[in-house]
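I'd like to ask you about the structure that follows.
The values are calculated or read from the model by the stated rules, or taken from the named source; none is laboratory data. What you see is a predicted model; the values in this text were computed from it and never measured. Here the Cβ is made from the backbone with ideal geometry for all residues, glycine too, and neighbour counts use every protein chain on show. Calculation scope for accessible area: heavy atoms of the full protein, side chains included, ligands and nucleic acids excluded. Shrake-Rupley method; radii C 1.70, N 1.55, O 1.52, S 1.80 Å.
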Amino acid sequence: MFVGVSPCYPDQPLNGYDPATSAYIARMTEPPTPARAALYDSAIVRPLKAANVWDLFDSFLLIGMAVDSQGANLNLIDANYTLVPVNSPTFVTDRGYNLDGVTSYLRTSMLLNSLAKFKQNAGHIGVWCNSAQGAATGRTDFGAQDATARTDLRSYNTVAGDVAYRLNTLTIQTATTVANELGHTVINRTGSSAQSVYKNGAALTTFNQASTGLPSVELFLGANNNLGVAGGYTSRRYSAFHVGAPLTPQNVADINGILSAGLTAVGAA
């Protein structure tokens, strides 16, 4: 399937897709079907732009909407920050990577201290989980830490079933008890002390906790990166992941609704 642009009108893809959709598809070694390509365009790219959130992301991964692992590893926004599977997680079409909770995880190719949009006192990270591991102490959905700062999420933590996280600080916070880890969890920092956490588009809790810095090591998905050593492995499966600038409550609700529609359409929600 040809997804290039018109030589006479370079802003207009020959297939009518948004240019960002065409660029995303062009990076895939196995092109999606026309129906799937149209879904990327109509359910994800155009709605993100219409909601004025497209420019807020460093990375936006549609892992569960991909037809193969190569496509699942690609950043929708641009050619940067490709996922790198470690220790052979199994990719399942229209679901995501099955992690084993023992050694497998996903490198994000992102150093949080070098991103354009995500900053120490202004940034967010969100993840969509579509398989349950259950409440578990120390099981990290994503994480990066060094001696001065840590960013991580435990979307369903301990027998209490709370959400636990750090966002550019060494102090862990625990949010409102949740039913499970399924769905969309977002941690958000809008100031040097202001933090918040969202579940499926709704705010759970806000905290005043000062940031201490940006972790200098790569962010891992499905594990924590402690100065280059992976740990806290999870067997949860993730169908979407995004990182970028801070979000308003409306931004979070919009992104949640867009992801819900796209992932539901392929059975990856």
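In the range 66-81, what residues are open to solvent by less than 30 Å² (accessible area, probe 1.4 Å) and under 19 Å from PRO19 (Cβ atoms)? If you could, list the steps in order and put the result at the bottom.
Here is the first cut: in the range 66-81, the residues open to solvent by less than 30 Å² (accessible area, probe 1.4 Å) are 66, 71-76.
The answer is GLY71, LEU74, ASN75, LEU76.
Continuing with this model, one more query. In the set VAL102, VAL84, which member is in contact (Cβ under 8 Å) with a residue 12 or more places away in the chain, open to solvent by 30 Å² or more (accessible area, probe 1.4 Å) and in contact with a Lys or Arg (Cβ under 7 Å, 6 or more places away or on another chain)? Even if it seems obvious, please write down each step before you answer.
Details: VAL102 fails: in contact with a Lys or Arg (Cβ under 7 Å, 6 or more places away or on another chain).
Criteria check complete, one pass: VAL84.
Something else now. Got a sec? Which of ARG107, ARG95, ARG150 is within 22 Å of THR171 (Cβ to Cβ), charged (D, E, K, R) and touching a residue at least 12 places away in the same chain (Cβ under 8 Å)?
Exactly one residue qualifies, and that residue is ARG150.
For the list (1) open to solvent by 20 Å² or more (accessible area, probe 1.4 Å); (2) in a strand (DSSP E or B), I need the number of the one condition that THR185 fails.
Only one criterion in (1) open to solvent by 20 Å² or more (accessible area, probe 1.4 Å); (2) in a strand (DSSP E or B) is unmet by THR185, namely (1).
Restricting attention to the range 245-262, report how many residues are within 19 Å of SER155 (Cβ to Cβ) and outside any helix (DSSP H, G or I).
1
Which of the residues spanning the range 248-267 are more than 14 Å from the chain's Cα centre (by Cα) and buried (at least 23 other Cβ atoms within 10 Å of the Cβ)?
Answer for the range 248-267, where residues must be more than 14 Å from the chain's Cα centre (by Cα) and buried (at least 23 other Cβ atoms within 10 Å of the Cβ): just GLY262.
Right, next: Which residue is nearest to GLY262 (Cα to Cα), if the candidates are limited to the range 155-182 and must be without any contact (Cβ under 8 Å) to a residue 24 or more places away in the chain and open to solvent by 40 Å² or more (accessible area, probe 1.4 Å)?
Across the range 155-182, the extreme among qualifying residues is ALA179.
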